Amino acid sequence: MADIVKDATFYRIKQIELAEAEYYKSLITALDRIEREVVSLASGLPLTDGKLIELQSAIAIRPQIKAILEREYLKWSDTVVREGFNKQAKRIEKAFKRIGNIPIEFQELTKGDLALVKNLKQQYFTQFKDVSNTFTRRLSEKVYQNTLVGSEFAVLEKELRQTINGIYASADDPEAQKLIDYINKNKFDKSKQAQVEKSIQTLQSKFARDRAGENMKRYAGQILNDSLRDFDATLNFNKSQDAGLTFVKYYGDVIPTTRDHCRNIINGVYNKRKSGLFTVDEVNSLWTSRSWKGKKSGNPLIVRGGYNCRHQWSYVNPDWYDSKGELII
């Protein structure tokens with residue numbers, strides 16, 4: 001018998017992955033435009049013998065940097081929050097209808113659900129906006145600091161590009177740019193992860209690119225990842241609580257980078273039942289009694305394995321399973 005709970009959950013997970021890949025591509029486009037426009041703006045600063053010299057101009061550039069980020073990045077953020085969240089809410093509704101073995105009034109989005117969606121949109125847009133404000137400040141500081149010490153423009157240009165795009169900052173070298181384009185294009189293609197990682201290592205070793213870095217792309221990409229998945233988990237949690245579903249089951253792929261905590265739950269290491277079900281209290285106990293890299297604060301049913309986690313809980317009724325742990329609805 002087909003496991004409709006598993007199928008419905010993997011449907012949600014797959015659609016999140018597709019949405020993330022789509023929005024990440026548009027994020028790349030937005031950040032590349034920001035990089036070009038900010039560098040072009042800075043290139044108009046007064047120079048003497050190729051060096052930056054006028055602090056007043058360096059200070060005056062901040063509102064223009066802010067305007068560029070708001071026009072490009074916040075426009076992208078608004079699309080993610082409005083369009084992406086709405087579509088995922090509909091997918092959750094579809095999953096509940098597909099399972100069907102709950103009261104009909106909870107199979108559709110209620111007024112309470114819609115109010116929650118609205119609040120979550122505001123919450124996550126604020127996080128995206130915080131990134132815009134943070135990097136408006138950082139880019140402005142780069143301009144001011146380099147002007148203060150009389151740096152050559154080429155030094156400032158490199159710092160601006162890397163503050164925005166990090167390891168993926170535009171390159172004059174065709175070989176380096178080819179690697180950057182390949183990585184950006186195939187970041188979410190699971191079949192090409194080995195080649196992507198090799199390309200990243202080449203950027204680091206051959207072209208001296210620093211992968212770690214406090215850059216805008218890194219922060220925006222992480223918020224994109226976490227916001228889509230945390231939104232799904234929060235709305236799913238809310239609907240399930242209303243429907244009286246108090247047991248959960250963990251779903252998602254196990255890949256080389258899967259955290260041991262997630263791997264152990266999926267592989268049944270912590271199971272108390274043949275069905276792999278946990279009560280909410282049991283999930284909380286697992287969460288508070290263990291530590292691992294990437295764990296983040298919050299409700300474990302929402303934040304799951306932590307930053308960049310791609311797994312999801314699904315809420316069920318233990319009566320749906322037989323003594324062997326097989327789904328019987």
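The largest accessible area among Arg290, Arg259, Arg98 belongs to the first residue in Arg98, Arg290, Arg259, and the rest follow in falling order (1.4 Å probe, all chains). Only protein heavy atoms count here; on that basis, with a 1.4 Å probe, Ile65 has an accessible area of about 0 Å².
Calculated mean residue ellipticity, 222 nm, the chain: -20000 deg cm²/dmol, from DSSP H runs (n ≥ 4) at -39500 (n - 2.57) each, averaged per residue and rounded to 500. For the chain, averaging the sequence separation of C-alpha pairs within contact (under 8 Å, six or more residues apart) and dividing by the residue count gives a relative contact order of 21 percent. Think of each Lys and Arg Cβ as +1 and each Asp and Glu Cβ as -1; about the Cα centre, that makes the dipole of the chain roughly 540 debye. The candidate values were [x] 1.24; [y] 1.03; [z] 1.05; the one computed from these coordinates for Rg/Rh (Cα atoms, Kirkwood Rh) carries the label [z]. In the complete set of protein chains, residue-level accessible area for Lys324 is approximately 150 Å², probe 1.4 angstrom.
What whole-number value in Å² describes the accessible area per residue of the chain for a 1.4 Å probe?
Values: 16410 Å² over 329 residues.
Here the residues of the chain average 50 Å² of exposed surface.
Using the Cβ-Cβ distance between Asp7 and Asp130 with R0 set to 30 Å, the FRET efficiency works out to roughly 0.20. Structural descriptor for region 19-126: relative contact order 26 percent, calculated from alpha carbon pairs under 8 angstrom and at least 6 residues apart.
Close amide H contacts of Lys51 (hydrogens built in the peptide plane, cut-off under 5 Å, sequence separation of 5 or more or a different chain): none are found. Overall, the accessible surface of the chain at a probe of 1.4 angstrom is composed of carbon and sulfur to the extent of 50 percent.
The values are calculated or read from the model by the stated rules, or taken from the named source; none is laboratory data. Nothing here was measured: the structure is a model prediction, and the numbers come from that model. All Cβ positions, even for glycine, are placed from backbone atoms using ideal geometry, and neighbour counts span all protein chains on display. Ligands, DNA and RNA are excluded from the accessible area calculation, which covers all protein heavy atoms including side chains. Shrake-Rupley method; radii C 1.70, N 1.55, O 1.52, S 1.80 Å.
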